[in-house]
Every structure is written in C-alpha cells, then in structure tokens.
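Accompanying notes for the structure given below.
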Amino acid sequence: MRRPTCSVSPAGATDAKMASQIPAASAGLGTTDMARSVIFFSSILAITALLALLYAFSLSWLLLVVLSATTPLILYLLFHPRNQWLVANRSRVDDAGCVALTFDDGPDPVYTPKLLDLLGEKGVKATFFVVGQRADQYPEIVRRARAEGHLVGNHTWSHDNLFCFLMPRRLRAEIERGTESIRRSCGFRARLFRSPVGMRHPLLGPYLRDAGLEYISWTIRTLDTFTANPSVLARRILNKAVSGDIILLHDHLPGGADVMLEALPRVIDELRERGLEFVLAGPREDAGGTLEPAACEPAS
Ligand SMILES: [Zn+2]
C-alpha cells in the first residue's frame, strides 16, 4: 500500500501554510472578535435582565420558555469543540492521508516518558498541549518531547475547570503564563493553544490573536478520561479515524494513563495499515521566528 508523504519537518511546506494561518501577534484585538464578545456579553446581560423581570411578574411559563431556548445556545457557544463563533479554531490537519495525535494535561513524570518511549519506538511524532504549572515542575520532560521532534502547545497555566468564567485579567494571565512556562522549559515559543476541556471564553479569540496563538480543536474525542478498557478505547478511535483527523488523548490523568498507553500501539499499527501517517498539529518552528532553539537540541 502506498504510504502518504506527510511533512513534519520545521521547514515543510505544510508548516509554511499553517504559519500563514496563524494570526500575527501585532495584529491586536480584531474588530470582529471584539464585536462578537460584546454581542455575547450583551446577550447574556439581556437574558438575565429579562429573566429577572419575568420572575418579578410571576410569568413562570415565559421564564421557562426563555431559559429552555437560550441555555442550549449558550452551552453550545461555550463548550462545542468546533464552533467558530467565539474563537476561530482548526480541528483538522490539511495533509491528505494523515492524522494528528494530541496529548493534553501533561507533562506527567510517570506516563509522559513512557509515552515518549512508545512514540519513539513507533517513529510517530505527536503534539503535546502542556499545562504551564506542570511544565514548570517537570521541564526536563517538555525538553525531551521537543528534542525528540514533537510539538509543544499551550494548555493554559493552571488548567482551571471554570475557564469560561475567568475574569479578563486572569484569562490573559493563563494564556501568557502558559506560553512563558514552555519558553522556560525548552526555549520554544508556543504558537498553538487549546483550552481546558475545549471550553470557550467570549474574550478568548481576541486574546489569542494578541498573543499570536492559534486555537487547535479536535475531531475525535476519545473519552480516554472515562475508559477503563484498552480494547474499547482502541476500537472507539479506529471506528472513527479518517484522513485529516486530530485525535484528543491525555498523558496525565488522575487515575493514570495506563489504558491509553496500552491502546495506543494497536491504534498506531492499524491506522498505518490503512495507509494513514502521523503528523504534528501545527508548525514546529518558534513563533518568534527561531527554527530550532539550542536549548532543545538532544543532548549528545
Ligand atoms: Zn486538559
């Protein structure tokens, strides 16, 4: 079977293409983004005022109608991984015949090194969305991932599960401190971002644009967080995966990532048998323009 050619090198054509899609840090807050944020906040305010008014006049049936009409819409805007309204995002890779493995929430002192060993044995490059606090705790693991050809992205500073309710100043700090932590770990300035649980925030679009970061979503939510059986996890991924998919997995979980590590070899082997190859979710060059920071070179 013909193996597709997928670019993962820093100087690849795909990288250049992706680089051109990344908003410039100097662009500042976009008018459209700001307008959308204002509309979102105003709508929430208007709905809240309306609900208070209806409650005051005991129009409970109308209150119920307004609530049931607006709640799903708000939940969709804040939680749907691929909705483009509050923040422009990419959930696929462009390369034909390729898929991207992404690992969130690490680095983990036990599971990330095991995962890196496995990826090394299989010759697979992946994208790690690291949590800043954890990267500060285990910088050598982030450095190793980068040195072995993987891509490191920003998964916020503290992985706050109430991300969509953060105040503007805290939101900006979560983004900036996450980027700084990666820079400290391996000298690389991240250009990709993913929020905790894929949550949106009305100001996330403009702030990411300001920080020169691109939001990367996913097409396959593997549910590895809840799955105890490696075969079930592998089958779930294999049943869905097609060319262009970005697959969401976790290398740090409260109960450990053994299930993911056990399922992954089968997933990699079977997807390769189908002719799919693995690529990074974005370009590997530094957002500041440096190609390969010296601090991230493998130790000789
Ligand atoms: Zn996460």
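Bear in mind that the values in this text are calculations on the coordinates, not laboratory data. Predicted, not measured: the structure shown is a model, and the values here were computed from it. Virtual Cβ from ideal backbone geometry, glycine too; neighbours counted across all protein chains shown.
Need one number: convex hull volume per residue for region 93-141, Cα atoms only, in Å³.
In region 93-141, the Cα hull volume divided by residue count equals 78 Å³.
Please report how far the C-alpha centroid of region 134-158 lies from that of region 169-203, rounded to the nearest whole angstrom.
When both Cα centres are located, 12 Å separates them.
At 1.567 mPa s and 4 °C, plugging the Kirkwood radius over alpha-carbon pairs of region 128-178 into Stokes-Einstein gives what diffusion coefficient in µm²/s?
Once the numbers are plugged in, D ends up at 113 µm²/s.
Please list 3J(HN,Hα) in residue order for region 212-228, calculated via the Karplus relation 6.51 cos²θ - 1.76 cosθ + 1.60 where θ = phi - 60°; whole Hz, with x for glycine and proline.
My calculation for region 212-228 gives x, 10, 9, 7, 10, 9, 8, 10, 10, 8, 7, 6, 5, 4, 10, 9, 9 Hz in order.
Normalised by the number of residues in region 162-211, what is the relative contact order in percent for Cα pairs under 8 Å and 6+ residues apart?
Here the relative contact order equals 52 percent.
Would you mind checking which residues have amide H under 5 Å from residue 97's amide H? H placed 1.01 Å from N; only 5 or more apart, or other chain.
Residues meeting the amide H criterion: 244.
At a Cα cut-off below 13 Å, give the aspartates and glutamates reachable from residue 240, other chains included and same-chain residues fewer than 8 away excluded.
270
Which value in Å does the Kirkwood hydrodynamic radius of region 40-179 take, with 1/r averaged over all unlike C-alpha pairs and then inverted?
Across region 40-179, the inverse of the average 1/r is 18.3 Å.
Enumerate the amide H contacts of residue 151 below 5 Å, restricted to partners 5 or more residues apart or on another chain; note that Pro and chain-start residues carry no placed amide H.
126, 127, 128
May I ask you to list the aspartates and glutamates whose Cα is less than 13 Å away from that of residue 125, ignoring any residue fewer than eight positions away on the same chain?
117, 148, 277
Regarding region 123-278, what is the average projected area of its C-alpha convex hull, in nm²?
9.3
Within a Cβ distance under 11 Å of residue 89, other residues only, what is the Lys/Arg minus Asp/Glu net charge?
For residues surrounding residue 89, the net value is +4.
Check residue 105: other-chain or 5+ apart residues with amide H under 5 Å from its amide H, H built from backbone geometry?
Residues meeting the criterion, in which the H sits 1.01 Å from N, are 129, 131.
Calculate one ³J(HN,Hα) per residue across region 258-270 by plugging θ = phi - 60° into the Karplus curve 6.51 cos²θ - 1.76 cosθ + 1.60, and present them in order as whole Hz with x for glycine and proline.
Ordered by residue, 3J(HN,Hα) equals 4, 4, 4, 5, 6, 7, 4, x, 5, 4, 5, 4, 5 Hz.
In whole Hz, what ³J(HN,Hα) sequence does region 241-247 give by Karplus (6.51, -1.76, 1.60; θ = phi - 60°), x for Gly and Pro?
Once θ is set to phi - 60°, the couplings for region 241-247 become 5, 9, 3, x, 5, 10, 9 Hz.
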